[in-house]
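The values are calculated or read from the model by the stated rules, or taken from the named source; none is laboratory data. Just so it is clear, the structure is predicted and the values come from calculations on it, not from any experiment. Here the Cβ positions follow ideal geometry from the backbone for every residue, glycine too, while neighbour counts run over all protein chains shown. The protein model used for the area step is the full one, side chains on, heavy atoms only, and it has no ligands, DNA or RNA in it. Shrake-Rupley method; radii C 1.70, N 1.55, O 1.52, S 1.80 Å.
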Amino acid sequence: STRSASSSMFVGCFGGCFSGIRHQTKHTDLLEPEKCFYMNFKLLNLDVVFPKIMRAKVRTAGRPDALVRLVGKGGKFIASKSKFCQNFSNKLADRLTVAMPNLMQQKGLTFNLTKVHCGERGFIVLRAEVVDIDLVKLIETAKGTEVANKLRPLVGVARRMDDVDKRLAPTVQAHMMQAMEAEIPKMMKDKLGFELLMIMKTSAQQADFFFDALTPVSFEVVFMILNGADVFPKLAQQKAQQRVGQTNLLGHAAGMVASHVASKAPSEWLARVGSKRLASFMPEYSARLGVTLTVTQGFISETGCGSIVLRCEVKDVDLAAFHEAGCTLPSGVNKDQQLLRLGRRGRQDVHNAVREELRARVPDTLFNEKEGLRVSIVLRDVPQSDLPAEMMDIDLSDDDNESNN
């Protein structure tokens with residue numbers, strides 16, 4: 001009874017002071033800055049794990065080894081597609097947004113988790129926020145029921161003086177960010193074999209990270225075609241034979257016709273065909289270097305004199321693959337690092353290294369792989385004007401009937 005009386009006196013003396021704080025907190029809730037954090041993550045080895053999952057399912061069903069191997073190859077092909085990666089990551093994110101709040105609720109946390117972005121290559125952004133906590137339940141989860149029962153009266157007194165649960169939410173949230181960044185990738189690796197890149201950012205940090213680190217880096221590649229009139233007919237013949245069949249008579253005839261048409265075609269037509277070939281080549285060759293590159297626009301000279309401009313975007317760089325391809329990493333950047341974990345200067349240095357490797361390697365590769373095509377290239381920043389001077393925009397879609405145009 002003495003303890004109860006003293007507690008009542010304690011609350012009576014200080015309750016008035018904290019009541020004003022409670023009122024002020026409620027009054028200014030709408031003016032408070034965001035207290036959430038963001039979970040940025042990406043699956044790094046889906047093309048390795050997904051075929052294993054497919055093979056395991058077929059093997060468990062008792063299917064023959066030949067079918068198991070075939071399914072594995074099919075799984076690898078499917079997992080290499082960016083659309084599949086996006087869909088798979090989306091499903092994973094959807095499951096997390098349901099499972100994690102329920103799990104946190106059991107631990108005494110009211111936790112909101114929503115998906116706010118899914119990138120082209122499966123980069124997911126989740127918005128997370130600890131809205132409220134049940135301090136007693138949290139203690140019980142961490143330390144056990146006995147400790148929680150001992151502290152329950154003290155927590156009750158604190159709650160009468162102030163909304164102590166809500167005031168502790170930012171501290172709990174900060175610890176959650178650190179723990180989840182380390183534990184979620186470990187759990188995914190141990191249970192499913194997935195390598196998961198997880199980057200936590202506070203609300204104040206997220207905008208700079210998202211718009212700087214995740215925005216593709218654009219540049220232009222200017223090609224001067226030195227012997228297109230000689231080579232493009234050979235490339236047209238090669239493509240026609242591939243479509244019809246290189247080994248049969250019809251394929252040979254189609255190739256000869258395509259070669260003849262190309263040799264008589266005007267220079268503008270050759271430039272259009274050449275730009276499409278180069279637009280297909282650049283992403284494929286970049287992938288060999290561990291670089292995810294897309295071509296967004298193409299331009300040819302108005303006079304059709306052999307000048308082609310491709311606008312490109314680098315969306316990601318696998319530093320390990322870049323190094324293994326014989327490319328030189330910038331000083332201070334390690335092949336075992338992830339591009340998105342680098343600072344702004346580090347990312348800029350990597351992108352400059354990519355441009356330098358493309359500038360040095362592309363001409364020789366085109367000569368060796370494209371019937372002796374000779375080019376000189378310049379890589380430059382995208383100019384402020386939408387259209388390069390004395391150039392015209394062209395459609396880069398692959399037209400199956402282009403040889404008949």
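Within the option set ALA158, ALA204, being part of a helix (DSSP H, G or I), open to solvent by 60 Å² or more (accessible area, probe 1.4 Å) and either of a type in the set (A, V, I, L, M, F, W, C) or at pLDDT below 85 (or both) holds for one residue only, ALA204.
The residue of the range 300-329 that is modelled with the lowest pLDDT, among those that are part of a loop (DSSP other than H, G, I, E, B) and buried (at least 17 other Cβ atoms within 10 Å of the Cβ), is GLY306.
Annotation note: Cβ proximity below 6 Å between a residue of the range 85-109 that is in contact (Cβ under 8 Å) with a residue 60 or more places away in the chain and a residue that is open to solvent by less than 70 Å² (accessible area, probe 1.4 Å) (sequence gap 6+ or interchain) occurs for LEU109/VAL130; LEU109/ILE133.
Give me a count of the residues in the range 210-228 that are touching a Leu at 6+ places or on another chain (Cβ under 8 Å) and assigned to a helix (DSSP H, G or I).
Counting residues in the range 210-228 that are touching a Leu at 6+ places or on another chain (Cβ under 8 Å) and assigned to a helix (DSSP H, G or I) gives 2.
Taking the criterion of being in a loop (DSSP other than H, G, I, E, B) and either among the β-branched types (Val, Ile, Thr) or open to solvent by 10 Å² or more (accessible area, probe 1.4 Å) (or both), the residues of the range 34-60 that qualify are GLU34, LYS35, LEU44, ASN45.
Total residues in the range 340-362 satisfying the condition of being farther than 19 Å from LEU379 by Cβ and surrounded by 14 or more Cβ atoms within 10 Å (Cβ to Cβ): the figure is 3. Only residues that are surrounded by fewer than 16 Cβ atoms within 10 Å (Cβ to Cβ) and of a type outside the set (Lys, Arg) were counted in the range 78-96, giving 5.
Beta carbons closer than 9 Å, at least 6 apart along the sequence or on distinct chains, pair a first residue in the range 197-220 that is closer than 13 Å to PHE123 by Cβ with a second that is part of a loop (DSSP other than H, G, I, E, B) and aromatic (Phe, Trp, Tyr) for LEU197/PHE123; LEU214/PHE123.
Among residues that are within 19 Å of ALA213 (Cβ to Cβ), charged (D, E, K, R), modelled with pLDDT of 85 or more and open to solvent by 80 Å² or more (accessible area, probe 1.4 Å), ARG380 is not included. Within the range 61-77, can one find any residue that is open to solvent by less than 80 Å² (accessible area, probe 1.4 Å), in contact with a Phe, Trp or Tyr (Cβ under 6 Å, 6 or more places away or on another chain) and either on the phi > 0 side of the Ramachandran plot or not basic (Lys, Arg) (or both)? There is at least one residue in the range 61-77 that is open to solvent by less than 80 Å² (accessible area, probe 1.4 Å), in contact with a Phe, Trp or Tyr (Cβ under 6 Å, 6 or more places away or on another chain) and either on the phi > 0 side of the Ramachandran plot or not basic (Lys, Arg) (or both).
Could you tell me whether any residue of the range 62-75 is modelled with pLDDT of 50 or more and among the β-branched types (Val, Ile, Thr)?
At the first step, the residues of the range 62-75 found to be modelled with pLDDT of 50 or more are 62-75.
Going one step further and asking which of them are among the β-branched types (Val, Ile, Thr), we end up with 68, 71.
Scanning the range 62-75, I find at least one residue that is modelled with pLDDT of 50 or more and among the β-branched types (Val, Ile, Thr), so the answer is yes.
When LYS76 is tested against the conditions (1) assigned to a loop (DSSP other than H, G, I, E, B); (2) touching a helix residue (DSSP H, G or I) at 6+ places or on another chain (Cβ under 7 Å), the lone failure is (1). Scanning the range 352-384 for residues that are touching a helix residue (DSSP H, G or I) at 6+ places or on another chain (Cβ under 9 Å) and either free of Cβ contacts under 8 Å to residues at least 40 places away in the same chain or in a helix (DSSP H, G or I) (or both) gives ALA353, VAL354, GLU357, LEU358, ARG361, VAL362, THR365, LEU366, GLU369. Summed over the range 278-299, the residues that are under 15 Å from ILE377 (Cβ atoms) and open to solvent by less than 30 Å² (accessible area, probe 1.4 Å) give a count of 9.
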